[in-house]
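Following: one structure in structure tokens, then a few remarks.
Read-outs: derived from the displayed coordinates by stated rules, not from any lab. Values in this document were obtained by computation on a predicted structure and should not be read as measured data. Cβ sites come from the backbone with ideal geometry, for glycine too, and all protein chains shown count toward neighbours.
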Amino acid sequence: MADAAGHLLDHHEAGSTWVGKSIPRVEDASLLSGRGRFIDDLGVRPGTLHAAILRSPHAHADIVSIDISAAKQSPGVVAVLTGEDVTSLTTSLVVGVKAPVECWPIAVGRVRYVGEPVAVIVATDRYLAEDAADLIDVQYRPRPVVCDPLAALSPDAPVLHDGFKGNVASDRTFRYGDPEQAFASAAHRISIDIRYPRNSCTPIETYGVVADYDAGEDAYDVLSNFQGPFSIHAVLSRALRVPGNRLRLRTPPDSGGSFGVKQGVFPYIVLIAAAARAADRPVKWIEDRLEHLTASVSATNRATTLSAAVSDDGRILALDWDQVEDCGAHLRAPEPATLYRMHGNLTGAYDIRHLKVRNRVVVTNKTPTGLNRGFGGPQVYFALERLVQRIAVELNLDPLDVIRRNLVAAGAFPYRTASGALLDSGDYQEAIRRGVVEGGLAALKARRDAARAQGRLYGIGYTAVVEPSVSNMGYITTVLTPAERRKAGPKNGAQATATISIDPVGSVSVHVSSVPQGQGHRTVLSQVVADVFGLTPSDIRVNTELDTTKDAWSIASGNYASRFAPAVAGTAKLAAERIAQRLACIAASQLNTEVDDIAFVAGHVGSKRNPDNKVSFSRLAGLSHWSPGALPDGVGQTIRETVFWTPPELTAPDDADHINSSLCHGFIFDFCGVEIDRVTLQTRIDRYVTMHDCGTILHPAMVDGQIRGGFAQALGAALYEEFAYAPDGSFLTGTFADYLLPTTMEVPDPLILHMQTPSPFTPLGAKGVGEGNCMSTPVCIANAVADALATKDIDLPLVPAKLADIVRGAEPAPPAGRAADTKRTGDRSLRGEGQATVAASAERVWAMLLDPATLQAVIPGCHHVEKLSDTHFRAEVTLGIGPVKGRYRAEVRLSDLDPPHAVTLGGSAEGGLGFGGGEGRITLAPTASGGTSIHYVYEAAIGGKVASIGGRLLDGAARVIIGQFFASLARQAGGAAPNRSRGSFVAKLRRLFGGGR
Amino acid sequence: MSRLQAGRRHPVRFSLNGKPCTGEAEPRLLLTDFLRHQIGMTGTHVGCEHGVCGACTVSIDGSPARACLTLAAQVDGCEVRTVESLAPSAGRLGILQAAFKRNHALQCGFCTAGILMSLDCLLRDHPRPDEATIRDFLSGHLCRCTGYAPIIRAALEAAAEMAGDVSRETTHA
């Protein structure tokens, strides 16, 4: 390390600062050599147990019974916890609105989303815990399901929680200025309806928790890759029924990405802590990918109607927002924060004085939502910036002119928005001017015109957004009425903390509670502090692990709302300056000069006027240890300084619901050119330009890294990613083969441009930059696609199938005589038919179909068949579909018996991997050669884990399995091989699955 | 391969990063769990356990392989290399690692081990890959932090350096 630093020093000119340089990251060497210390890389106490979680296959069902007896007897199992056990050890998690509703980290009596924990199995290793999970027998009684936020509003929708009005957890209206008057007098009212989908930034490292309980002290010790905000610590200690000082929450040194998502680990902290208490041993749980995609957390999906009162020249006079936010099955802290994070910024980058808002929060049978990069921004800007594009189209104006015409004026900062945000600084007009010139908009327009002249589908999209950072901890209380807020007490601010320590040999350590997940905080802090002390970054050691029992922290601690550069790094600067100020006093006294004459340069503290009059930094800095008596009076120690910093601008919402929801407001102007292939309807990004003003840039390469990373995630959200649910609430995207993240083949390199307008409100002038492209890019691409296709209605993700409907119209009906293929979304039922010929009489086939011994022999994977009555059978079968193989208990009932001609089989199957139900009609007809022709039609539906990860294979697998059944029936009857109506396709599939022989 | 009995541990003898290594594994034990939790080599990461994200990529007999889709028992007699093999010595970085550091080709570093192992295999077989080849080869890896561009740049730089087009001083960690 020392050599690398020496190398660095060569390029560091005297008098220049480390801040602003792209120095190599201190984090990289260990990460590149396999020496990272992520949670699953750390050793645990001997005797630590491992947890697996059994999860609900149903989106909405009562739990009739849970039989854990077999699981408890399973090898290695120490404890099995169900909802009842967890409720006896913990208290419900708090809910973010005032309502008599409980929120447990495990299902209690009822499941409300696919993937909701139903039991926790604790065993000596994870494999044994998962073995035991398969042995738990849960009986469910399914309830009607509601997955769509607007459907959830309907009076006859199934109700998830009795404590809410219907499914509405919150319904608030806001009014700023005089929107009614503005709409009444405006020349135009232009509206747009938006459905923003569910997605997630999906870190590659999943959740992890290691929990221990000390009964003697009634205290928990938890290690988790939780990212904050540490306001959740209060939620956790309350749920675990201990005071905060008896919940020690620690974070590992490294965390494999989060993007907000790892805030959502907190219900599992409660669950695993409860398991550790029940097992009286430490318990470790590492989430797997299916669990993560199905049930960790996601961004909210939102239905928005946005209207603008617009003048003839495109000036927006007022906005009317109607937002219906879908928070999934439970309103977990800090939700409904996604809906309120942008409340001060509902007018975007525009000067709009009149505003009307209706915000409703609904619960549906989907995974509960939480933090996700952009947090509320993508949902708001998708509506706002689509509307701006529509205004241009409907009024026949240039979209960029409409943007320019409405921007906040350059001289207006700090600018108070209609709903209360204080936009700190900026020059939006200049940013756009530079973006247009340096980004080559004129050339891009020429490319578009040339492409269109050739008949190609090419479009250009624009967006201008304000990127908020450093959240006001009080913004979430805007969901409460002023009266409720008065009762609850004020909430506001954003306390950041930093501690500087100096040891006896004068080496400097920094600690902050920023909990990075890969952003390079340690490197930037070493730059910031090195500048204050006249040292090099390699002289500074930075620790960003957080231990709530030993470290300085506040409820605002953590890694979210892009608060590191503006708040945390600035606080470290303030802490270093406090110590430097005292060191300057000591130096002045030692060097016989004034404090004003002291400078920190190149490892020394000395006189500016006489540079030879100096003392080494380390000698001076160590004095507080070695000889406190030698310090001048009143200086105090220079060993350790902790600074808490909160900006005064972040005040609580006022009685008129004005809220300065964030401290800093960067500006982003994006434009892009896209081409849509006329044949494949794939969208290709031809050029993407993103202009950022994030205030002072501390480390240019890291800022560009944040922009590129956010852009790639936003590209995924725009083109590929959606957490898809079937109407029955089955989760359909449980693997990375179903939930498609962009790879090297899909992500282009955007052109990144910068200008720097420092924030007057932060110590370093920096603003947040981590989330902006997640807000600006999805709608910029959508605007370009809308331009290319000349269409109004654009829903994300822009998959070819959706664009096909726009370009080619809805798919025509299938030709007569051919059944429509199973639709992939919406209707997941499997339908099929086939035929087999058996060399036996119809009477004999009939007898075989009703004989348990024959059925046991011919049903694929059957263990045994039990005849409960003449028309009621029970079977145990093992079936494999794609990667999922599991044991199912099937009930089969016969009806409409017409011996020996026809019978209807109705049945259901349930197992650890999912459930299914269906009905089939079998008809028998004699053939000319004395055999029997069996014709069958069936319709089935399948849900649970198998739907999440094997969904693409279900159709084919069902055909194969049913084909196998009749093939072996034919063999059993001594007949010929069956012939099937879709012979070649089925034969191919059968080879694929290795069945049918 | 001889028939292994479920539920019993069987010896696995293989070469790990050039040194002989012996462990015991039940037939169902994944290579990822074996390497990480039995051998203690935690540099190989687990991101999806279904072979898509690529974080667990190791080299088995010179070819990149998903350790999460490989059973420990399958590497008996094989030559396995992991990210821990890439640095020439403690405190120094190899050419590829140094190029990643220079180009800020990692942020959280969780997917990085797998990407490095894939590129290491690629560059051994194809010393001068072009950008299209590298992009194609890395399409089996998911990175959520970087947007890939710096990774591609680092790979191109490392390839040029290894092929002798550029020379750099030894890079210290």
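May I ask for the net charge around B:His50, where only other residues with Cβ less than 12 Å from the Cβ of B:His50 are counted and Lys, Arg are +1 while Asp, Glu are -1?
On the way: positive: A:Arg289, B:Arg66; negative: A:Asp288, A:Asp738, B:Glu49.
Once all neighbours under 12 Å are counted, the net charge is -1.
Nearest 5 is fine: what % of DSSP beta bridges in the protein assembly as shown come out antiparallel, could you say?
Working: 177 of 202 bridges.
Of those bridges, close to 90 percent are antiparallel.
To test your reading of the geometry: what angle, between 0 and 90 degrees and rounded to tens, separates the Cα axis of helix A:700-719 from the longest principal axis of chain A?
Tilt relative to chain A: about 20 degrees.
Counting other beta carbons within 10 Å of each residue's own, what order do A:Val466, A:Val747, A:Val114, A:Val601 fall into, fewest first?
Least to most surrounded, the residues fall as A:Val601, A:Val747, A:Val466, A:Val114.
Give me the net charge of B:Gln97's neighbourhood, meaning all other residues with Cβ under 11 Å from the Cβ of B:Gln97; Lys, Arg count +1, Asp, Glu -1.
Values: positive: B:Arg92, B:Lys101, B:Arg102; negative: A:Asp28, B:Asp120.
After counting each charged neighbour, the total is +1.
At a Förster radius of 25 Å, what calculated FRET efficiency corresponds to the Cβ-Cβ distance of B:Arg28 and A:Arg887, to the nearest 0.05? Don't skip to the answer; put the middle values down first.
On the way: r = 16 Å, r/R0 = 0.66.
Efficiency at R0 = 25 Å is approximately 0.90.
Which value, in Å³ per residue, describes the convex hull spanned by the Cα atoms of the stretch A:578-655?
Details: hull volume 10.3 nm³, N = 78.
Hull volume normalised by residue count: 132 Å³.
The stretch A:500-574: which trypsin sites (Lys or Arg not before Pro) are DSSP loop and have at most 14 other beta-carbon atoms within 10 angstrom? Before the final figure, lay out the partial values.
Numbers: sites: A:Arg522, A:Arg541, A:Lys550, A:Arg563, A:Lys573; in loops: A:Lys550, A:Arg563.
Answer in residue order: A:Lys550.
For chain A, take the longest principal axis of its alpha carbons; what is the angle in degrees between that and the long axis of helix A:377-394, to the nearest 10 within 0 to 90?
The angle comes out at about 90 degrees.
Determine the calculated [θ] at 222 nm for chain A from helices alone, applying -39500 (n - 2.57) to every DSSP H run no shorter than 4 residues and normalising by the residue count; nearest 500 deg cm²/dmol. Show your work: numbers first, answer last.
On the way: 27 runs with 281 residues, N = 997.
Rounded to the nearest 500, the figure is -8500 deg cm²/dmol.
Per DSSP H run of at least 4 residues, take -39500 (n - 2.57); add these up for chain B, divide by its residues and hand me the 222 nm value, nearest 500 deg cm²/dmol. Show your work: numbers first, answer last.
Working: 4 runs with 44 residues, N = 173.
Helix-only estimate at 222 nm: -7500 deg cm²/dmol.
Using only Cα atoms, find the angle between the long axis of helix A:569-591 and the longest principal axis of chain A, and express it within 0 to 90 degrees, rounded to the nearest 10.
Value to nearest ten degrees: 30.
Against the globular-protein guess of 2.2 N^0.38 Å, express the Cα radius of gyration of the stretch A:495-645 as a ratio, rounded to two decimals. Before the final figure, lay out the partial values.
Working: Rg = 15.6 Å, N = 151, 2.2 N^0.38 = 14.8 Å.
Cα-based Rg divided by the globular estimate yields 1.06.
What's the local net charge at A:Pro243, with K and R +1, D and E -1, over the other residues with C-beta under 13 Å away?
Working: positive: A:Arg238, A:Arg241, A:Arg246, A:Arg248; negative: A:Glu217, A:Asp218.
Spelling it out: positives minus negatives among the neighbours equals +2.
So what's chain A giving for Cα Rg divided by 2.2 N^0.38 Å, two decimals? Mind showing how you got there, number by number?
Working: Rg = 31.9 Å, N = 997, 2.2 N^0.38 = 30.3 Å.
Relative to the rule-of-thumb radius for its length, chain A sits at 1.05.
Projecting each Cα onto the charge dipole of the protein assembly as shown (Lys/Arg +1, Asp/Glu -1 at the beta carbon, about the Cα centre), which of A:Ser425, A:Val601, A:Ile460 comes out farthest on the positive side?
Sorting the options by dipole projection puts first A:Ile460.
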